[in-house]
Protein chains: 2
Amino acid sequence: MKVKNVKAYGTKAADASLKAMDINRREVTAKDVEIDILYCGVCHSDLHFARNDWGFSVYPVVPGHEIVGKVVKVGEGVTKYKAGDVVAVGCLVDSCRSCNNCKNDLEQYCPEWVGTYGGHDKHLNLPTFGGYSESIVVDEHFVLKVPKNLDLAAIAPVLCAGITTWSPLRHWKVGKGSKVAVVGLGGLGHMAIKLADALGAHVTLFSRSPDKKQDAMDLGADAVVISTDEEQMKSIQNHFDLIIDTVPYAHDINPYVGTLNTNGTLVLVGYLGPLDPILHTVPMIMGRRSVAGSLIGGIAETQELLDFCGKHNIVSEIEVIKIQDINEAYARMLKSDVHYRFVIDMKSLKN
Amino acid sequence: MKVKNVKAYGTKAADASLKAMDINRREVTAKDVEIDILYCGVCHSDLHFARNDWGFSVYPVVPGHEIVGKVVKVGEGVTKYKAGDVVAVGCLVDSCRSCNNCKNDLEQYCPEWVGTYGGHDKHLNLPTFGGYSESIVVDEHFVLKVPKNLDLAAIAPVLCAGITTWSPLRHWKVGKGSKVAVVGLGGLGHMAIKLADALGAHVTLFSRSPDKKQDAMDLGADAVVISTDEEQMKSIQNHFDLIIDTVPYAHDINPYVGTLNTNGTLVLVGYLGPLDPILHTVPMIMGRRSVAGSLIGGIAETQELLDFCGKHNIVSEIEVIKIQDINEAYARMLKSDVHYRFVIDMKSLKN
């Protein structure tokens, strides 16, 4: 199979900084779309994967799965896209396409789904490389249309932070009058507030710090509850239909479970690991409450989200950086010093 | 308010055996039904409450919330029942009747629901006393009709063990072709198998002991999986739509979560307490799986279940005892030496 050498930014080891490197992309096959990358959002997963925090990274690692770009070439079997189209790629670039999950537009739960980076490119028999690069080649099924009215840098985080919160909002049927709470105000949390608000829900942010109140209200929240304040927590027992918990580290979810209404669900979208401290079953049984998990979203659902963002003029709050600033950006992310997402202007890779 | 002295069996202390005692019942008020008790099932909760295992028992305790009897008297405002009707009473004898849960036929989640025993009788300003007695007085809303074709002793456990498993089967929309698993083969587990089977589901029992296989199949299970056998557990990953976990003590639910299909739910109906060992979030996130709790069922739903049992000729598997044998029955229950529910023939109280 023919390959093409492209510029990228990545790392060859868990403890090394990211730097410029060359990678191979496949030449377009029949159903492929080649995309010149304009912008790529910076997700916490990028940092975890670059540093092998989950223990299954394969080097070299080129992160990035919030990709916006322009089509430059299509395979002869491609029907949905043509050169010049503005498109996006999220966390998935392939799946088996035949299992029940794939048939039900739930490619994210396909046992053979291929991540945009750190997956396995079966054409090249090589790891997949992400969006911190000048171009990418993706099967058209996994390529998304970007509404023309939206800022191309600011829409990038919708491809991961956005869909990760949109999918549970849709699955648990949030709409006008729903009572939704969001735990954590970062990349995911700020999108959860915007999207739940646009769906017509009454949105509450759970926060440990009162100084986030104005920011949350500006994003579309109707209320902020300080989770460390017992009186405030007591006042909203049996209240929420859905809580989207975006916190990416182990934390006590028990106080939140009691704030769910009968039949309510707390859905974890940020934390992968053991649920420490221990979960108590009494509040779950005494109100038919659920604790669930949810992973990004399917391709059709991601397109639905992009279209929804186009219609409601929703984008992320971002800080645009150059690729040369990525290591500093990671350091700032670890200190939660970003409102609310870094997006790399990929022109900088040509410098 | 007028009261009536009736014979009962109960205990005045956590460490005392149950013995004969007299209790007061209120005389029927406008909406009340007075019931001569024919049979009363013996639930694990009876034992926990008699022994103050949950720490909130108020003595004297008269247990029993699986009650079948005959109406002997009705208040002037009662429209649903008349003397001579065969009726049943389950775990609830009152609720606020005005909150959203009550309005939605979810009285079991009403913050003011009154248990058949250990609750608060607002007419008498006394604790409520359960079905280990010759008669009971209950508001007609909480009294249920018993189909005429069913064995009156064997239908009693449907009022708690049955509805506790029926409610999640209905809430999570189990029907023809659903894949349901049951953890634990006791009073609740054996009803879960019968009911899921009658709803048309493919039913699997998770068990630690191979010698329960034939019993489970006889009850209606299609398969038995030995939960300690790694190969068997591997072979059913991503499989079940609903798992009903009836185990009444702390146990590791992590191995079961992985056997849920995408969007599947494991519902805890037996265990009240901290979820030890710790729950892992990865299998929940990687398949949008949920862990939930569920408590008995509402009044309309309990009537639906009794009607369903009538239509499908379903009753519990029981061992009928005399009230004088109740302490021995508790001892046998603690050794799981019952297939699958003791039911007291309340005639014996007159001896």
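The values are calculated or read from the model by the stated rules, or taken from the named source; none is laboratory data. Everything numeric here is computed off the predicted structure, so don't read it as measured data. FYI the Cβ positions are ideal-geometry reconstructions off the backbone, even for glycines, and counts take in every protein chain you see. Accessible surface is based on the protein model in full, side chains and every heavy atom, while ligands, DNA and RNA are left aside. Shrake-Rupley method; radii C 1.70, N 1.55, O 1.52, S 1.80 Å.
Per-structure values
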item	result
Residue within the stretch A:252-261 that is over 15 Å from B:S290 (Cβ atoms) and within 11 Å of another protein chain (Cβ to nearest Cβ) present	yes
Only one of B:V143, B:V138, B:V183 that is open to solvent by less than 10 Å² (accessible area, probe 1.4 Å) and under 30 Å from B:N263 (Cβ atoms)	B:V183
B:A153 vs. criteria under 18 Å from the mean Cα position of the chain (by Cα), among the aliphatic types (A, V, I, L, M) and within 29 Å of B:R25 (Cβ to Cβ)	yes
Check on A:S178, touching a residue at least 60 places away in the same chain (Cβ under 8 Å), out of contact with any Leu (no Cβ under 6 Å at 6 or more places or on another chain), under 17 Å from A:G264 (Cβ atoms) and outside the structural domain of A:C43 (by TED's automatic domain parsing)	yes
Residue within the stretch A:198-210 that is under 30 Å from A:I35 (Cα atoms), open to solvent by less than 20 Å² (accessible area, probe 1.4 Å) and either at pLDDT 95 or above or not in a helix (DSSP H, G or I) (or both) present	no
Out of B:I296, B:I278, B:I323, B:I244, sole residue that is of a type in the set (A, V, I, L, M), touching a Pro at 6+ places or on another chain (Cβ under 7 Å) and in contact (Cβ under 8 Å) with a residue 60 or more places away in the chain	B:I244
Residue in the stretch A:260-283 that is part of a helix (DSSP H, G or I) and under 30 Å from B:P168 (Cβ atoms) present	yes
Residues of the stretch B:84-123 satisfying the condition of being of a type in the set (F, W, Y) and within 13 Å of chain A (Cβ to nearest Cβ)	B:Y109, B:W113
Single residue of the stretch A:211-241 satisfying the filter (among the basic types (K, R) and without any contact (Cβ under 8 Å) to a residue 12 or more places away in the chain) that is surrounded by the fewest Cβ atoms within 10 Å (Cβ to Cβ)	A:K234
Counted residues, the stretch A:267-321 - those being more than 7 Å from every other protein chain (Cβ to nearest Cβ), over 14 Å from the mean Cα position of the chain (by Cα) and surrounded by 24 or more Cβ atoms within 10 Å (Cβ to Cβ)	2
Evaluation of A:A250 against (1) among the small types (G, A, S); (2) surrounded by 23 or more Cβ atoms within 10 Å (Cβ to Cβ); (3) assigned to a loop (DSSP other than H, G, I, E, B) (one fails), failing number	(2)
Which numbered condition B:K82 fails, given (1) in contact (Cβ under 8 Å) with a residue 40 or more places away in the chain; (2) open to solvent by 30 Å² or more (accessible area, probe 1.4 Å); (3) under 23 Å from B:V158 (Cα atoms)	(1)
Some residue of the stretch A:222-235 being under 30 Å from A:G64 (Cβ atoms), among the hydrophobic types (A, V, I, L, M, F, W, C) and in contact with a helix residue (DSSP H, G or I) (Cβ under 6 Å, 6 or more places away or on another chain)	no
Among (1) open to solvent by 30 Å² or more (accessible area, probe 1.4 Å); (2) closer than 21 Å to B:N100 by Cα - the single one A:Y256 does not satisfy	(1)
Matching residues, the stretch A:13-58, being open to solvent by 60 Å² or more (accessible area, probe 1.4 Å), in contact (Cβ under 8 Å) with a residue 40 or more places away in the chain, touching a strand residue (DSSP E or B) at 6+ places or on another chain (Cβ under 9 Å) and over 18 Å from A:L349 (Cα atoms)	A:K31, A:V58
Selection count, the stretch B:62-79, where residues are open to solvent by less than 40 Å² (accessible area, probe 1.4 Å) and in contact with a Phe, Trp or Tyr (Cβ under 6 Å, 6 or more places away or on another chain)	5
Among the residues listed as A:R332, A:R341, the single one being buried (at least 18 other Cβ atoms within 10 Å of the Cβ), among the basic types (K, R) and within 19 Å of the chain's Cα centre (by Cα)	A:R341
From A:C110, A:C102, A:C96, residue being without any contact (Cβ under 8 Å) to a residue 40 or more places away in the chain and open to solvent by less than 10 Å² (accessible area, probe 1.4 Å)	A:C110
Selection count where residues are assigned to a loop (DSSP other than H, G, I, E, B), away from every other protein chain (no Cβ under 12 Å) and polar (S, T, N, Q), scope the stretch B:223-245	3
Residues within the stretch A:211-222 that are part of a helix (DSSP H, G or I) and of a type in the set (G, A, S), tallied	1
Any chance A:T128 is under 19 Å from the mean Cα position of the chain (by Cα), open to solvent by less than 20 Å² (accessible area, probe 1.4 Å), among the polar types (S, T, N, Q) and closer than 17 Å to A:L306 by Cβ	no
